[in-house]
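Data block below; observations after.
The values are calculated or read from the model by the stated rules, or taken from the named source; none is laboratory data. Predicted, not measured: the structure shown is a model, and the values here were computed from it. Neighbour counts run over all protein chains shown; Cβ positions are idealised from the backbone, glycine included.
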């Protein structure tokens, strides 16, 4: 009946017609402009054909439809309100036309049906879902709202609680959950999906199942009193704010929209949705979250492309080994094992091996206690880690991760010894956060096979792996290590060797901003509170306690020696005072704060009068500062250092720069990364605010290129 490049219409038996999504240009189906244009043509054909008795929606891909094409969002976000609303009404008209066809419709959901992919299913009379599939409206995770009727149909179909909860959380829903909620009508095994869907369509067509009542329900107001709607809205708003604060407008807007639209018919409620959808796309949070989604895809694509560029010369890692056990080595070994990569863990000390296995076992135990693993499966995974004192055990390894103590002299002994034990084609990496990869490479016979592989702590929780390219590192090594990081479930970002690499270099610019303010008499507690309110997962003083004051003090000289023109510290740097007092942070319960275990056995942060007294003796009584000054002193220092990293080619793009902070230090996603934050603030504003503090430190001085960008109205994105 119809054949496009993304979908087709075909006649079936009994007067039924199948609308099949099968994009010829990609591995998944998504609603881009072409798909929607073809869908319009197909639906017009269906409306004009009076012989059709029922419509079945299917997909030939492993997913149903993953949603809208997010690569088109940037252009959509730039549209005028008139153009934007018109585009939303076009799609809503399509879905409503499907809902209003003079015969029943069934969606056979074989894989992910998300966003617009689920919204078209909601427009159908019934939904049959594979037990291996999932549905959801994840738009709020991108800072936006369902824009194609999802906020109207889901609460009418499954109830207000389900509608608001699913949409405001943005979570995917498993088949049984969707069935219990009333969002789907049947869950079947994958091989039964087509037959059961056609059977349900036949029951609707012959009248043994009523679909007209369902249509009436989906297009009418929801029968709730004004008081019930108000109470529902207030409860959800309070729950959202308690969980994520006021940082994310989309979930709160979703609650408001669904409650406001509940008393309206379909057409009016959809028009309300169009308006709300437009409003949230104008927010910086929407730009940030959509940008992060696209940047995340870019990071993965870059890693995969490095492997593809080698063609047949690329060989995936099959036999990894970790050199150096303990907590860090055990965490890396665990990450290999949990991702189904059997791994050797080598050390020269049995106690360190025991500690490494204990760490892996502890992490597996947590998964068992949460019901994510059976005890039997956890035991099998643990058994895939081979602890050994024997050098010969790593002879067949094709990827080495050296994770011994963070001392250059020790690493320069270990690395060549390991190199002599493995094949000439094996790749060797160092899990270092501070030591120059170029200097470490000097100890090796095959420096082209060597690079840095900086895991962030805790390894199992932190997504980022910084891959540090040395001057002699080959493209094949970078490709292999990038692919290995992906296999471990990590996000690899390639940076060039420099003091502190990328993440620590820019993070220590922020920490230096803190130290300077404290030395001027500012209050670290106020700074922590202001920066946490700004969105950081923890204030900078608290962060230093968590990382370890000894670790911080170990890292500072890397920056002050390597980049002395911007990084410097006085004789009585606040963190030196803390360190000299024997305060190491959470690890010994004393740092900027003191720590006591709470009822959950976790360290609780408490104010320590001793620290306040020490700082008063050195810097005078703490003075409150303007919140904007606090934010600028810390964030602009970080921003200027990231600009240097971009201009020096330490990191290749603003997207990679931003994702490194998102993945590595928990930079707030609603700000989108430091480069996007600068864009949102306006580069001229950033330059002007930076200039206010250049007399304090060269860390704040804008580069000439940044000044030129600001003057020209340019942006990073």
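What to note about this one:
- Criterion (under 30 Å from residue 458 (Cβ atoms) and either surrounded by fewer than 16 Cβ atoms within 10 Å (Cβ to Cβ) or over 27 Å from the mean Cα position of the chain (by Cα) (or both)) met by exactly one of 332, 357, 299, 270: 357
- Residue-level check: of (1) touching a strand residue (DSSP E or B) at 6+ places or on another chain (Cβ under 8 Å); (2) closer than 26 Å to residue 33 by Cβ, residue 184 misses just (2).
- Residues within region 70-99 that are out of contact with any helix residue (DSSP H, G or I) (no Cβ under 8 Å at 6 or more places or on another chain) and more than 22 Å from residue 45 (Cβ to Cβ), tallied: 6
- Sub-6 Å Cβ pairs linking a first residue in region 216-233 that is assigned by TED's automatic domain parsing to the domain that holds residue 101 to a second residue that is outside any loop (DSSP other than H, G, I, E, B) and loosely packed, with under 13 Cβ neighbours inside 10 Å, at least 6 apart or interchain, number zero.
- Tally of residues being in a strand (DSSP E or B) and surrounded by 17 or more Cβ atoms within 10 Å (Cβ to Cβ) across region 3-19: 7
- Residue 35 being over 30 Å from residue 281 (Cα atoms), within 32 Å of the chain's Cα centre (by Cα) and either in a loop (DSSP other than H, G, I, E, B) or in contact (Cβ under 8 Å) with a residue 12 or more places away in the chain (or both): no
- Residue identified as in contact with a helix residue (DSSP H, G or I) (Cβ under 9 Å, 6 or more places away or on another chain), outside any loop (DSSP other than H, G, I, E, B) and buried (at least 21 other Cβ atoms within 10 Å of the Cβ) among 494, 404, 459: 494
- In summary, helices (runs of 4 or more DSSP H) completely within region 185-252 and bearing 3 or more residues that are modelled with pLDDT under 95 and within 30 Å of residue 668 (Cβ to Cβ) occur at 226-244.
- Residue match in region 596-606 (condition: in a loop (DSSP other than H, G, I, E, B), assigned by TED's automatic domain parsing to the domain that holds residue 547 and at pLDDT 95 or above): no
- A single member of 337, 379 is surrounded by fewer than 20 Cβ atoms within 10 Å (Cβ to Cβ) and assigned to a helix (DSSP H, G or I), and it is 379.
- Every residue from region 498-546 that is within 30 Å of residue 337 (Cα to Cα) and surrounded by fewer than 20 Cβ atoms within 10 Å (Cβ to Cβ): 537, 546
- Scanning region 605-641 for residues that are touching a strand residue (DSSP E or B) at 6+ places or on another chain (Cβ under 6 Å) and closer than 13 Å to residue 526 by Cα yields a total of 1.
- Residue match in region 306-321 (condition: assigned by TED's automatic domain parsing to the domain that holds residue 401, more than 13 Å from residue 394 (Cβ to Cβ), assigned to a helix (DSSP H, G or I) and under 27 Å from the mean Cα position of the chain (by Cα)): no
- Single unsatisfied condition, residue 583 versus (1) at pLDDT below 95; (2) in a loop (DSSP other than H, G, I, E, B): (1)
- Filter pass, residue 201 being surrounded by 15 or more Cβ atoms within 10 Å (Cβ to Cβ), over 27 Å from the mean Cα position of the chain (by Cα) and farther than 25 Å from residue 110 by Cα: no
- Flag if residue 91 is touching a residue at least 24 places away in the same chain (Cβ under 8 Å), surrounded by 23 or more Cβ atoms within 10 Å (Cβ to Cβ) and either part of a loop (DSSP other than H, G, I, E, B) or at negative phi (or both): no
- Filter pass, residue 26 being more than 29 Å from the chain's Cα centre (by Cα), farther than 23 Å from residue 198 by Cα and exposed (fewer than 15 other Cβ atoms within 10 Å of the Cβ): no
- Scanning region 140-165 for residues that are more than 20 Å from residue 264 (Cβ to Cβ) and crowded, with 24+ Cβ neighbours inside 10 Å yields a count of 4.
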